[in-house]
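These notes are about the structure you will find just below.
The values are calculated or read from the model by the stated rules, or taken from the named source; none is laboratory data. In this text, all values refer to a predicted model and were calculated from it rather than measured experimentally. Cβ placement follows ideal geometry from the backbone for every residue including glycine, while neighbour counts extend to all protein chains displayed. Side chains are part of the model used for accessible areas, which takes the heavy atoms of the whole protein and leaves out ligands, DNA and RNA. Shrake-Rupley method; radii C 1.70, N 1.55, O 1.52, S 1.80 Å.
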Amino acid sequence: MQEELIKRAVELMEDGTVNRVLGWQKGQFVYDITPAVFTSADELKENFVYNDFCGDNLSKYLKDETEKEGKVLVFLKPCDTYSFNQLLTEYKIHRENVYAIGIECYGKADVELLRRKGIDGILDVKNENGTLKIATIYGDEEVPMMEAMAERCVNCKSKKHVAYDELIGEDGEVLDSNRFDMVEKLEQMSAQERFDFWQGELSRCIRCNACRNVCPACTCEKCVFDNPDSGLYNKAAADSFEEKMFHIIRAYHVAGRCTDCGECSRVCPEHIPLHLLNRKFIKDYNELYGSFMAGAEVGQVSPMVDFTMDNDAEPSIVQKGGAE
Amino acid sequence: MSVKENTEFQPTIVAFCCNWCSYSGADLAGTNRLSYPTNVKIIRVPCSCRINPMFVLRAFQRGADGVILCGCHPGDCHYMEGNYHTRRRMTLLFSMLNYLGIESARTRVEWVSAAEGQRFVDVMDDFTAKITELGPNRRLEDLRCKKN
Ligand code: SF4
Ligand code: SF4
């Protein structure tokens, strides 16, 4: 697939359709891929990579890239196309400056899952028909791809591309995944158990802000978390209030715009399951206000900014109260 | 003579009241000499939808044990649709707080009109009783904001 993508990118650059390519660049190791802009065929041939670790959602980078001169080519996996549409909905990217190629995706690997299996010193990983052949400094290992797949890919919401100019590979279907199972499990716990669960997770946060920075829905020029006067401008949380506040505000701010791309959980160095916060909002408004998928179409109105005047049709949990 | 110390838990309740209905409702309760619990600290806002989720969190941080939002009844908003927005926003915010383990009874939205002095008193009585029962807010408190 990698060769195919490079070939097509070079073609499009040569015929003048685009003047640069937004893609994935080799890192020091096979699993540390970085997003990058390529401006020549040579660069592409040398550094462009597309493998099982190319989880990065490139759509966020289009915000800056489409401000520039000329068209940019971007590769979008199915879930990335939702973010792409959502950014278009919010007028964050200039559609005329993008040439989007949708590429098929069967799920990406999470190197952390390999490490948890005790696989260290990874030199190379090759996917052969669903089995990862891993070369390490201690010898070779084999792991079925399913066991190394990132949580967000196991619970993939859609293999369907909702936006593209051209497709390489197959288009899939919107999936009926189990992504809300864990949210439901938490909902069934007692308030104390939930509190303990989140205390355990959120107190690890070091406030690196990576989850905010990577998020394609977090595109404000000025962020409240960067404002020294906001009272939110601090490094690692000092107490249990601050721990929660950052996460409530982050998740709340993207509610209705979050496409559940899973980037926040992927980049968190502390492996905090941030998707469980986002999915709670998604699950809530799906249940209360009718099903809504951010980014499914351009121009949708999110339930967070919408309302109805019908008091019966607006089921409200706010007045119930009731001790738990 | 011995002074009996009052050791009973006295909650701090923050009530955000919209200027046009609920604040006037509270005012009416006052002019009618109806008393409501002194635990309730009213903060006047132009409209219930002025309340940013941050306000609610901040109130808890600074020591509130319960936060209640009061606004005009649906359809009566001075700005036509402010309280419809409040309804959605707070539904989702409170649900999230509950999800994080902050008891849902600590947060509430009530509609109180300018003519409902008695209702204002009833709502506050009820809410204060519920919070007293729940006890102090320990899960969203900032110890640095405590006085002693
Ligand atoms: S909050 Fe997380 S899952 Fe949602 S759009 Fe942002 S990075 Fe993606
Ligand atoms: S990426 Fe993780 S550690 Fe960093 S701010 Fe977000 S939750 Fe905290």
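Tabulated data for the structure shown
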| quantity | calculated |
| --- | --- |
| Residue check for B:V112: among the aliphatic types (A, V, I, L, M), modelled with pLDDT of 95 or more and more than 11 Å from the chain's Cα centre (by Cα) | no |
| Which listed residue, of A:I93, A:I103, A:I33, is assigned by TED's automatic domain parsing to the domain that holds A:M1, touching a Cys at 6+ places or on another chain (Cβ under 8 Å) and surrounded by 21 or more Cβ atoms within 10 Å (Cβ to Cβ) | A:I33 |
| Of residues in segment A:202-235 being of a type in the set (D, E, K, R) and more than 9 Å from ligand 2 (Cβ to nearest atom), the one nearest to the other protein chains (Cβ to nearest Cβ) | A:D229 |
| Pair list, Cβ under 6 Å, 6 or more apart: segment A:135-155 residue in contact (Cβ under 8 Å) with a residue 24 or more places away in the chain, other residue acidic (D, E) | A:A150/A:D110 |
| Residue satisfying condition, being crowded, with 20+ Cβ neighbours inside 10 Å and touching a residue at least 60 places away in the same chain (Cβ under 8 Å), within set A:C264, A:C215 | A:C215 |
| Test result for A:D56, more than 22 Å from A:I122 (Cα to Cα) and either free of Cβ contacts under 8 Å to residues at least 40 places away in the same chain or open to solvent by less than 30 Å² (accessible area, probe 1.4 Å) (or both) | no |
| Residue count for segment A:236-280, restricted to those that are away from ligand 2 (no atom under 16 Å from the Cβ) and not aliphatic (A, V, I, L, M) | 4 |
| Sole residue being touching a helix residue (DSSP H, G or I) at 6+ places or on another chain (Cβ under 6 Å) and surrounded by fewer than 17 Cβ atoms within 10 Å (Cβ to Cβ), chosen from A:S291, A:S230 | A:S230 |
| Some residue of segment A:163-173 being over 15 Å from A:D80 (Cα atoms), touching a Pro at 6+ places or on another chain (Cβ under 8 Å) and not β-branched (V, I, T) | no |
| Unmet criterion (only one of (1) buried (at least 19 other Cβ atoms within 10 Å of the Cβ); (2) away from chain B (no Cβ under 14 Å)) for A:H247 | (2) |
| Residue pairs meeting the criteria (Cβ under 6 Å; at least 6 apart or on separate chains; first touching a residue at least 24 places away in the same chain (Cβ under 8 Å), in segment A:1-29; second open to solvent by 50 Å² or more (accessible area, probe 1.4 Å) and of a type in the set (V, I, T)) | A:R20/A:V37; A:R20/A:T39; A:L22/A:V37; A:Q25/A:T34 |
| The listed residue being within 16 Å of ligand 1 (Cβ to nearest atom) and at pLDDT 90 or above, out of A:M182, A:M145 | A:M182 |
| Qualifying residue in segment A:61-68 (condition: within 16 Å of ligand 1 (Cβ to nearest atom), over 14 Å from the mean Cα position of the chain (by Cα) and in contact (Cβ under 8 Å) with a residue 24 or more places away in the chain) | yes |
| Test: residue in segment B:105-121 that is without any contact (Cβ under 8 Å) to a residue 24 or more places away in the chain, surrounded by fewer than 24 Cβ atoms within 10 Å (Cβ to Cβ) and within 11 Å of chain A (Cβ to nearest Cβ) | no |
| Count of residues meeting criterion [open to solvent by less than 20 Å² (accessible area, probe 1.4 Å), under 11 Å from the mean Cα position of the chain (by Cα) and not hydrophobic (A, V, I, L, M, F, W, C)] in segment B:40-67 | 2 |
| Filter result for the condition that a residue is in the same structural domain as A:I119 (by TED's automatic domain parsing) and in contact with a helix residue (DSSP H, G or I) (Cβ under 8 Å, 6 or more places away or on another chain), over A:V162, A:V143 | A:V143 |
| Output for segment A:274-299, where each listed residue is touching a Ser or Thr at 6+ places or on another chain (Cβ under 6 Å) and not β-branched (V, I, T) | A:L274, A:H275, A:D284, A:A294, A:G295, A:G299 |
| Residue in segment A:284-291 that is touching a residue at least 60 places away in the same chain (Cβ under 8 Å), more than 14 Å from ligand 1 (Cβ to nearest atom), away from every other protein chain (no Cβ under 14 Å) and under 20 Å from A:V162 (Cβ atoms) present | no |
| Any chance B:A29 is in contact (Cβ under 8 Å) with a residue 24 or more places away in the chain, in a loop (DSSP other than H, G, I, E, B) and more than 9 Å from chain A (Cβ to nearest Cβ) | no |
